[in-house]
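Taking it in order: structure first as structure tokens, then the write-up.
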Amino acid sequence: MPATRNNIPTIAFRRRSLYTANDIDPGLARPETHARTAAFDVSPEFHIDSYDAGHIPRLLQPRAKHHEAGKKTIAGLSGDIGRYDQPILTSATPP
């Protein structure tokens with residue numbers, strides 16, 4: 001009989017780490033730097049670019065593009081979009 005919680009059957013999943021310490025060390029040995037707003041390729045399929053968030057000086061909104069098997073996926077992190085037309089802050093640059 002399966003385990004239950006509040007009379008709902010539960011399934012036990014074995015958790016396995018996606019990365020181990022052996023995966024981290026090689027990455028730390030190869031740091032790369034890029035200009036603040038420079039776009040760059042992580043691999044032939046994976047591209048990163050960024051946009052000025054506007055509300056906090058020098059804060060960026062990163063966007064990742066992934067192309068594989070004819071499928072294009074875009075993911076962006078924005079927090080909020082900023083404040084426009086403020087004399088002390090730069091306006092946000094929408095992606």
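All of the numbers you see were taken from the coordinates with simple rules; none came from a lab. In this text, all values refer to a predicted model and were calculated from it rather than measured experimentally. Note: ideal-geometry Cβ built from the backbone for every residue, glycine included; neighbour counts use all protein chains shown.
Local charge sum around residue 37 (other residues, Cβ-Cβ under 12 Å, Lys/Arg +1, Asp/Glu -1)?
Numbers: positive: 36, 58, 63; negative: 49, 52.
Taking every Cβ under 12 Å from that of residue 37, the sum is +1.
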### Task
State, to one decimal in nm, how far the label point of residue 32 lies from the label point of residue 60, with both points 7 Å from Cα in the Cβ direction.
1.2 nm
### Summary
The summed charge of the residue 65 Cβ neighbourhood (under 10 Å; Lys/Arg +1, Asp/Glu -1) stands at -1
